[in-house]
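A short worksheet on the structure shown next.
The values are calculated or read from the model by the stated rules, or taken from the named source; none is laboratory data. Predicted model only: the values in this text are computed from it and were never measured. Positions of Cβ are backbone-derived with ideal geometry, glycine not excepted, and every protein chain shown enters the neighbour counts. We work out accessible area using only protein heavy atoms, side chains counted, and drop any ligands, DNA or RNA first. Shrake-Rupley method; radii C 1.70, N 1.55, O 1.52, S 1.80 Å.
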Amino acid sequence: MTKTKWRAAGGTLIGILIMIVFLFPVYWMIKTSVTPVTELYHNPPHILPVAATFDSYIDNFIRNQDMIGYIGNSFIIALGTMILSLFISVPAAYALARLSIKGKALIMISILSIQMLPGIMMAMPLYIMFSKVRLIDNFAGLIFADLIHALPFAIITLRPFFLALPGGLEEAAKIDGCNKFTSFTKIILPLVKPGLMTVAAFCFLFGWGDFIFALTLTSDNAVRPLTLGLYRFIGQYGTEWNNLMAVATLAALPIIVIFVAMQKYIVGGVTAGAMKD
Amino acid sequence: MSHKSEASGSYTLSRRAKWFSSWNNYLFVLPALLFMVVFIGFPLIYNLIMSFQNVNVYNLTGKHDFLGFANYIKTLQDPVFYVSLKNSVIFTVLSLVFQFTIGFALALFFNTKFPGRNLFRSLMLLAWMLPVVISGTVFQWMMSGDFGVINYFLQTLGIIDHPVNWLSESSTALLGTVVANIWIGVPFNMIILLSGLQGLPDHLYEAAKLDGANRLVQFRHITLPLMRPTILVLLILGIINTFKVFDLIFIMTAGGPVTSSTVLPIYAYQMSFTTLEFSQGASVSMIMFLILILISIVYLRMSSKEEVH
């Protein structure tokens, strides 16, 4: 009894040590963002904060409003990616799980293979195509591009949720007077809510974190997301690391919030998306 | 009574078949298929066609000549291509070896019961979920030469005696990106392996304990063989995903100094978007694509073999 208790305490202790080492970069990002400039280039560096200031946040988000624009753009792109992915992937995943469709295996294999395509391989032909139809420097263009990654992930992750529902649900719905579409929206969808949450969180994340399409398919700051803002900032301000880390921290904030709020859906989603099928 | 229920059974069966196989099923998949054709299929074919033409920034809107395999031959004669290929292999192998080993060790650790386990596990995933641009920038700062905290730690531990400019020296730049990529990839490996471990039947371990098998023997003869399918899928997915890493390296070193950390995706990017030789870039990404297809075929073969076993 006491032996197992000691073992458990030891496990927690080792766990804490691992967390300290592993999460150090995240700590260092936040710590640097509140370090005064005079402290920044102190040698040797202070591992624990000796003084804190929010100057870098005030400078970059209140005095200079450029970053606010990037943040707004990131939200538009991330929400757009999330909503459009859900609209397209949810019915598709349902049909691929529960309805009879010819060529189902072929569709599933194509969806799985799309996941393996390198982003850069899509970026170049998309750049030329989009230049011809004016989708360069366009939110819709970026959202479509982000969907290349988000959509297959969403379908692959959602399908097992639909498969896990008991058979006969649709028949019961039909007896109650539903047709195929209303039984899908009224009966089936509420039952896969956890799956929808997982997919919504990840698709938002894909849109928020995208860099390669923002880099290749935009040249106008009016549509550029925060990831690209951060990258351009490195070029402009070189070694003002407190400013850079303030921007990085704020860019990470929505992810951290989503993560904390939706933890249980996310852990399940990672394993489902990677391993099922 | 029984006769009646049989009749209604066959009635519902045929109605049921109709419900599940009618044409309007296709309406559900139509948007997804349409998207895939327009935004994935079409660009891929366009990329393939371009790789046989002479498209560059000057003649983009004009007519293009068919060049056959000229772009491919030019790519295969470019020394930078081989440097990138070599760097891609080094980047992928080193990243995977460490991501997997550390991930497995952590999975074994988190598979034991102790308070706080679920919280720690979730916190690790957070690192994986951060946009790569952010983690790349943070590592760039930590690895900087003069005030970087990694130099400070290594000097304190006595591993190096003077600060190293990790990312701006050609001998260490690729290594620096590998370290950041290991950090990004460990949580994913850990979570997948952990979910595999949690699915293993307890009774096998209990039986082994009764037979006097120690933990190492249990690991070798129970854990490893049962985890084989999970490990295979994870490694192949890892190879594919690591091979196509672009953002992280682009942020941290942009492939430099010179070509010392240029991997194939960076090389393809430079061809298409810096040199603006679109066709040449298309041939590079087609070669990259072929390599990934080869890896996937190996994967499909292995996984179908696993299913037979």
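Some notes on this structure:
- Members of the stretch A:207-266 found to be of a type in the set (Gly, Ala, Ser) and surrounded by 20 or more Cβ atoms within 10 Å (Cβ to Cβ), listed by number: A:207, A:209, A:214, A:229, A:246, A:248, A:251, A:252
- Against the criterion of being under 30 Å from residue B:26 (Cα atoms) and not aliphatic (A, V, I, L, M), residue A:10 does not qualify.
- Of everything in the stretch B:251-282 that is within 8 Å of chain A (Cβ to nearest Cβ) and either farther than 24 Å from residue B:293 by Cα or of a type outside the set (A, V, I, L, M, F, W, C) (or both), the residue that is surrounded by the fewest Cβ atoms within 10 Å (Cβ to Cβ) is B:273.
- The lone criterion from (1) within 10 Å of another protein chain (Cβ to nearest Cβ); (2) surrounded by fewer than 19 Cβ atoms within 10 Å (Cβ to Cβ) left unmet by residue A:28 is number (2).
- Helices (runs of 4 or more DSSP H) within the stretch A:1-73 that include 2 or more residues farther than 30 Å from residue A:214 by Cβ: A:2-22, A:37-40
- Residue match in the stretch B:77-97 (condition: out of contact with any Ser or Thr (no Cβ under 7 Å at 6 or more places or on another chain), modelled with pLDDT of 95 or more, in the same structural domain as residue B:254 (by TED's automatic domain parsing) and under 30 Å from residue A:13 (Cα atoms)): yes
- Looking across the stretch B:137-148 at every residue that is at the interface with chain A (Cβ under 7 Å from one of its Cβ atoms) and not polar (S, T, N, Q), the one that is surrounded by the fewest Cβ atoms within 10 Å (Cβ to Cβ) is identified as B:147.
- Pairs where the first residue, in the stretch A:236-260, is touching a residue at least 24 places away in the same chain (Cβ under 8 Å) and assigned to a helix (DSSP H, G or I) and the second is open to solvent by 40 Å² or more (accessible area, probe 1.4 Å) and among the β-branched types (Val, Ile, Thr), C-beta under 8 Å, 6+ apart: A:242/A:37; A:245/A:30; A:249/A:30
- Residues located in the stretch B:109-128, provided they are of a type in the set (S, T, N, Q) and within 17 Å of residue A:270 (Cβ to Cβ): B:111, B:118, B:122
- Members of the stretch B:84-93 found to be surrounded by fewer than 18 Cβ atoms within 10 Å (Cβ to Cβ) and in contact (Cβ under 8 Å) with a residue 12 or more places away in the chain, listed by number: B:85, B:90
- Within the stretch A:174-190, being over 35 Å from the mean Cα position of the chain (by Cα) and in a helix (DSSP H, G or I) holds for A:174, A:175.
- Residues of the stretch A:114-131 that are at the interface with another protein chain (Cβ under 7 Å from one of its Cβ atoms) and either part of a helix (DSSP H, G or I) or open to solvent by 50 Å² or more (accessible area, probe 1.4 Å) (or both): A:114, A:119, A:120, A:121, A:122, A:124, A:125, A:126, A:128, A:129.
- In the stretch B:178-190, the residues that are not assigned by TED's automatic domain parsing to the domain that holds residue B:120 form no Cβ pair under 6 Å with any partner that is of a type outside the set (Gly, Ala, Ser), whether six or more places apart or across chains.
- In the set B:102, B:73, B:134, only one residue is open to solvent by 60 Å² or more (accessible area, probe 1.4 Å), within 12 Å of another protein chain (Cβ to nearest Cβ) and assigned to a helix (DSSP H, G or I); that residue is B:102.
- For the stretch B:137-168, taking the residues that are in a helix (DSSP H, G or I) and of a type in the set (Val, Ile, Thr), the one that is farthest from residue A:231 (Cα to Cα) is identified as B:156.
- When residues of the stretch A:31-82 are limited to those that are free of Cβ contacts under 8 Å to residues at least 12 places away in the same chain and within 11 Å of chain B (Cβ to nearest Cβ), the one surrounded by the fewest Cβ atoms within 10 Å (Cβ to Cβ): A:43
- Just one of the listed residues (B:192, B:236, B:231) is within 30 Å of residue A:120 (Cβ to Cβ), surrounded by 20 or more Cβ atoms within 10 Å (Cβ to Cβ) and aliphatic (A, V, I, L, M), namely B:192.
- Checking residue B:146 against (1) out of contact with any Pro (no Cβ under 9 Å at 6 or more places or on another chain); (2) modelled with pLDDT under 85; (3) under 25 Å from residue A:244 (Cβ atoms), the condition it does not meet: (1)
- Flag if residue B:108 is closer than 23 Å to residue A:20 by Cα, open to solvent by 50 Å² or more (accessible area, probe 1.4 Å) and in contact with a helix residue (DSSP H, G or I) (Cβ under 8 Å, 6 or more places away or on another chain): yes
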